[in-house]
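Down below is the structure, laid out as structure tokens.
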């Protein structure tokens, strides 16, 4: 599997910033020029078309590359990037002509915008056009659907569709305005080779990581050679490269506070990298490296099943069972009281800001990041236990109607996605889903189900959140732990039945059999 980590370049000097910006801009403009030159050739399609064994005319990627080698500049200041530029242009042209060949979708010739910032007059004109437009045009197919609803006697549906699409058109126009008034950013440079003389290298020295890239040709005013200090190691091969003279840039990388990037570096193998520039809201330029890692862990044969339940008081609860349905490890949970209180505070702060007419986008982002960190930490804990117990992870199938506990629908989806890729990266089987219905109201001891097993209030009317009390056999337990064991048992039942969802009645009967409860009194034998 492949995953991409994003590293920010750590505090590059002014000279390095100038070099990086120049390289990105010059690569962008040269690629633009190469594409325009190729497309201006009236015989381009004939030159890149070949006949396949069946006699059909097909666009040939090798022919495109061969043609571009004659167009791309040879005495280029970014000569180490020439092959990457030709590969980039080849991919763009091949994609375009393949779409034209299939004739299923319209395809515009590939191009890149210029990097010149709009003038003050152009910016003011763009604002004027947007501000004076009363109604933004809809697409013909949208107009056709609106008229169809009106013609079939559904004016309210037509009006609602028109309002929705008008809002969509206004949002699209606003996005187009931003693209016209903001200076475009240069296209990223993608490195697909890991070589010392050209391409890129990930290196380590002590506890710090570095990106080594060669951008400039010998003779360029930016070309420079640096002798690598003691302790430098090629992180892909783990071979020392200290003492060697490197003809490129040595760029230190920042690691995030959640240490996800370090996890990629420790367990993954770097395959390719992209160097790119971004702008902050205050127009400050930042540089990033996106590195793709390959993970090839040894596959883990599942010997147990780990069931996970979203908690009412906890973020989640988990139980590990063996293939006989017996508990191997229980009471695995992450307390979520502090998390829930923190999320409530942010919801209140956002609501107050919106009530006062203030923008709350930043607070939405901060709340989301805090939730993501907690969900990620829990996923790490679960995968660690699953590795120790060699477990197949089982989780409820996402159901929007069933939400309403500690995790929101989006957060539960993030937990599901995090568990999926973290488990796969560790060599564990992909998590399985089980139906969420009745998992929190079924007794794991006798199999009896009824809503009263998970009462929301006690006899005195006080709220209950985490108490499970079976109305048939009197079994009491933490509600989330009971539900996590039921989820694990449902996954085991599904596995025995071919991996497909099973009806609850069939699961309930099976559960009573393996628990030795198949001779229950008639009044509780079925829900």
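Here are the numbers for this structure:
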| read-out | value |
| --- | --- |
| Boolean, residue 204 is surrounded by 15 or more Cβ atoms within 10 Å (Cβ to Cβ), under 30 Å from residue 84 (Cβ atoms) and in contact with a strand residue (DSSP E or B) (Cβ under 8 Å, 6 or more places away or on another chain) | yes |
| Sole residue being in the same structural domain as residue 440 (by TED's automatic domain parsing), in contact with a strand residue (DSSP E or B) (Cβ under 7 Å, 6 or more places away or on another chain) and either farther than 19 Å from residue 324 by Cα or modelled with pLDDT of 85 or more (or both), chosen from 494, 509 | 494 |
| Where residue 68 falls short, out of the listed (1) in contact with a helix residue (DSSP H, G or I) (Cβ under 9 Å, 6 or more places away or on another chain); (2) loosely packed, with under 12 Cβ neighbours inside 10 Å | (2) |
| Condition met for residue 315 (outside any loop (DSSP other than H, G, I, E, B), modelled with pLDDT under 85 and either more than 30 Å from residue 468 (Cβ to Cβ) or in contact with a helix residue (DSSP H, G or I) (Cβ under 9 Å, 6 or more places away or on another chain) (or both)) | yes |
| Residue list for segment 175-206, filter: more than 24 Å from residue 29 (Cα to Cα) and touching a residue at least 12 places away in the same chain (Cβ under 8 Å) | 194, 196, 197, 201, 202, 203, 204, 205, 206 |
| Test: residue in segment 383-390 that is touching a helix residue (DSSP H, G or I) at 6+ places or on another chain (Cβ under 7 Å) and either over 25 Å from residue 504 (Cα atoms) or at pLDDT below 75 (or both) | yes |
| Matching residues in segment 323-375 - criterion: being modelled with pLDDT of 75 or more, buried (at least 16 other Cβ atoms within 10 Å of the Cβ) and under 18 Å from residue 310 (Cα atoms) | 330, 332, 375 |
| Number of the condition not met by residue 302 [criteria: (1) assigned to a strand (DSSP E or B); (2) modelled with pLDDT of 90 or more] | (1) |
| Within segment 417-440, considering residues that are at pLDDT below 90 and crowded, with 20+ Cβ neighbours inside 10 Å, the one farthest from residue 473 (Cα to Cα) | 422 |
| Matching residues, segment 252-276, being touching a helix residue (DSSP H, G or I) at 6+ places or on another chain (Cβ under 6 Å) and buried (at least 18 other Cβ atoms within 10 Å of the Cβ) | 255 |
| Qualifying positions in segment 391-404 - modelled with pLDDT of 70 or more and either part of a helix (DSSP H, G or I) or buried (at least 17 other Cβ atoms within 10 Å of the Cβ) (or both) | 391, 392, 393, 394, 395, 396 |
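For (1) assigned to a loop (DSSP other than H, G, I, E, B); (2) touching a residue at least 60 places away in the same chain (Cβ under 8 Å); (3) under 24 Å from the mean Cα position of the chain (by Cα), each residue gets a yes or a no:
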residue: 290; (1), (2), (3): no, yes, yes
residue: 293; (1), (2), (3): no, yes, yes
residue: 297; (1), (2), (3): yes, yes, yes
residue: 306; (1), (2), (3): no, yes, no
residue: 320; (1), (2), (3): no, yes, no
residue: 325; (1), (2), (3): yes, yes, no
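The values are calculated or read from the model by the stated rules, or taken from the named source; none is laboratory data. Owing to the predicted nature of the structure, the values given are computational and were not obtained by experimental measurement. Here Cβ is always computed from backbone atoms with ideal geometry, including for glycine, and neighbour counts include all displayed protein chains.
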